[in-house]
Amino acid sequence: MREMSILGLPALAWFVFFLLAPILIVILLSFLKRGTYGGLEWTFQLSNYPRIFEAVYFKIFFESFKLSLITAGMCFALGYPMAWAMATAQRSTRSLLILTMAIPFLTNLIIRVYALRIFLGMDGPVQTVLQFLGVEFDPFLFSQNKTLVLYGMVTTYLPFMVFPLHAALEKFDFTLVEAAKDLGASEWQVLTRVILPNTRLAIANGITLVFVPCLGEFVIPDLLGGAKSMLIGNLITEQFLKTRDWPFGAALSTLLILLLVLIPFTIRRTIVGRRRG
């Protein structure tokens, strides 16, 4: 036992210095005051937190929650049939489908988002084809808008939904489906009373893996939405890099960290815990 505790010290040190300590520093900064020229004044105050609930910032939080919720919902609606198809396919086909789903992860996220921006943007392939066909369209319709941000979110985080669902469906006892049909259950009843309840833990994990990173995402909204899509991650980035209001940016970050800790427990309790209770 003593040897095992000693071997765990490097992991504990890594956790303290590279995760816990930075979080504590951010929390400390949130109680400081912004200097005249963007520096820090070591005057402790609480005024940074009430600012978060001003209308302009509250709207950004609301839009971020809404976009994350819609993204998670669309990923679930698209990912469950995909995971089902992968789990029920033949072994050789299943391996090909898994590889196809994993290939995008071999490319850097920024490169993928830029590729999407160029593909749909000005003088991109989509607009070139539409011009060649004589279709009239607004050239700005395909660049920097909320719809494009949502599309980028879904395409980026869809695998985070598919893989947990696939892992659960791959181990699913399909004789339960046959038994339900023998008892006269309809397709909808089989789905809602047999399949979904037995994969609710995977559903909770998939929604968590999509919703949580979407809430703090700033690269996709920045590249695909521009100034039209200000989310929590973009707001925090601006406070640190452009406005140089580190205390307020730290207060926003602290609230976001708190939400990211509470949301997984809420999702798990809502989807999994209610049935067990």
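Descriptive notes on the structure:
- Identified option (computed Cα extents along the principal axes in Å; candidates (i) 73, 72, 38; (ii) 54, 43, 43; (iii) 74, 51, 32): (i)
- Each Lys or Arg adds one and each Asp or Glu subtracts one; over the other residues with Cβ under 15 Å from the Cβ of Leu165, this totals +2.
- When the square roots of the Cα gyration tensor eigenvalues are ordered a ≥ b ≥ c, the ratio a/c for the stretch 24-66 is 1.5 or more and a/b exceeds b/c, which makes its shape prolate.
- About the centre of its Cα atoms, the chain shows a dipole size close to 660 debye [charges on the beta carbon of Lys, Arg (+1) and Asp, Glu (-1) only; nearest 20 debye].
- Between the listed residues Tyr80, Gly121, Ile103, the Cα displaced farthest toward the positive end of the dipole of the chain, a dipole computed from Cβ unit charges relative to the Cα centre, is found at Tyr80.
- Extension reserve of the Leu130-Phe218 stretch, reckoned as 0.36 nm per residue once the Cα distance is removed: 28.7 nm
- Within the chain, the selection of entire DSSP H helices by a Cα span of 24 Å or greater along the long axis and an average Kyte-Doolittle value of at least -0.5 returns 55-88, 146-170, 246-268.
- Nonlocal Lys pairs with alpha-carbon distance under 27 Å, the chain (8 or more apart, or different chains): 12
- For the chain, with +1 on Lys and Arg beta carbons and -1 on Asp and Glu, the positive-most of Val190, Leu158, Ile232 along the dipole: Val190
- Computed on the stretch 148-277, with alpha-carbon pairs under 8 angstrom and 6+ residues apart, the relative contact order is 28 percent.
- Remark: the Cα gyration tensor places the stretch 118-242 in the oblate category, a/c being 1.5 or greater and a/b not exceeding b/c.
- For the chain, excluding the exposed loop sites themselves (trypsin sites (Lys or Arg not before Pro), DSSP loop, at most 12 other Cβ atoms within 10 Å), the longest remaining stretch covers 1-170.
- Here the relative contact order of the chain, from alpha carbon pairs under 8 Å that lie six or more residues apart, stands at 29 percent.
- Calculated mean residue ellipticity at 222 nm for the chain: -20500 deg cm²/dmol, from DSSP H runs with n ≥ 4 weighted as -39500 (n - 2.57), summed, divided by the residue count and rounded to 500.
- Summarising the amide proton neighbourhood of Leu40: residues at separation of 5 or more, or on other chains, whose placed amide H is nearer than 5 Å comprise Gly35.
- Ranking of Thr175, Thr71 by neighbouring Cβ atoms within 10 Å, starting from the fewest: Thr175, Thr71.
Each value in this text was obtained by applying a stated rule to the coordinates, not by laboratory testing. Bear in mind that the values here come from a model prediction, so they are computed numbers and not experimental data. So basically every Cβ, Gly included, is an ideal-geometry build from the backbone, and we count neighbours across all protein chains shown.
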